[in-house]
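Taking it in order: structure first as structure tokens, then the write-up.
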Amino acid sequence: MDNLNNYIRFIQEAEGLKCITRTAWTTTGRRESTAEHSWRLALLAGLLLPAYPGLDARRVLMLCLIHDLGEVYEGDISAALRPDQNEKERQERAAIKRAAALLPETAGQELCKLWEEYNACVTPEARLVKALDKAETILQHNQGANPHEFDYAFNLEYGKKYFEHDPLLQKLRALLDEQTRKRVLEQKQ
């Protein structure tokens, strides 16, 4: 493996994800970083991978780790704000290309291909990661010490279509929705 300096520079750039906060709060009330979200997504995927023996485990984990990499330049835009998806995709694609340019050419091309795979959500690996990305977000929303006005009901529809293709993901979604309904009731009291 040549060009270790390129990899070091890329990892230094990716460190910025530790500084990007999301519209999710930890159990202590601190805003979650994009890096923390991506790490917990990878952990969740790694734990569930035995249920998916036909999937490429390395690709699944890489998709988890890079799916929000573009936020290092653009920041996190909450899905609750309903951003223009075409503009968001354009910005994210440009950001991924910018990050990939720090890597040796082959590694940079692989990074871009992985992000495109995730974004297209066509492969079994990408569909799993897309659903688990939504699941991890909902889990954090339900678990976190959120502001009083937090919109838990948003979770009940958030990313629902990504869970429909798989029985295990459907069960996971049912559990998450049950947790969300409890949070909605708690909030009303």
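Report the residue count in the stretch 139-176 for those that are charged (D, E, K, R), part of a helix (DSSP H, G or I) and crowded, with 17+ Cβ neighbours inside 10 Å. It would help to see each step written out before you state the result.
Kept after step one, since they are charged (D, E, K, R), are these residues of the stretch 139-176: 149, 151, 157, 160-161, 164, 166, 171, 173.
When the remaining residues are screened for being part of a helix (DSSP H, G or I), the result is 160-161, 171, 173.
If we keep only those that are crowded, with 17+ Cβ neighbours inside 10 Å too, we end up with 173.
Qualifying residue count for the region: 1.
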Quick check on my filter: what residues within the stretch 1-34 are within 18 Å of Lys134 (Cβ to Cβ) and not in a strand (DSSP E or B)? Thr34
Exactly one of Ala107, Ala131, Ala99 is surrounded by 14 or more Cβ atoms within 10 Å (Cβ to Cβ), of a type in the set (Gly, Ala, Ser) and under 16 Å from the mean Cα position of the chain (by Cα), and that one is Ala131
Quick one: what pairs do we get from the stretch 41-58, first residue at negative phi and at pLDDT 95 or above, second surrounded by fewer than 14 Cβ atoms within 10 Å (Cβ to Cβ) and of a type in the set (A, V, I, L, M), C-beta under 6 Å, 6+ apart or different chains? Ala51/Leu168
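The values are calculated or read from the model by the stated rules, or taken from the named source; none is laboratory data. For clarity, every value in this text was computed on a predicted model and none was experimentally measured. Cβ coordinates were reconstructed from backbone atoms using ideal geometry, including for glycine residues, and neighbour counts include every protein chain displayed.
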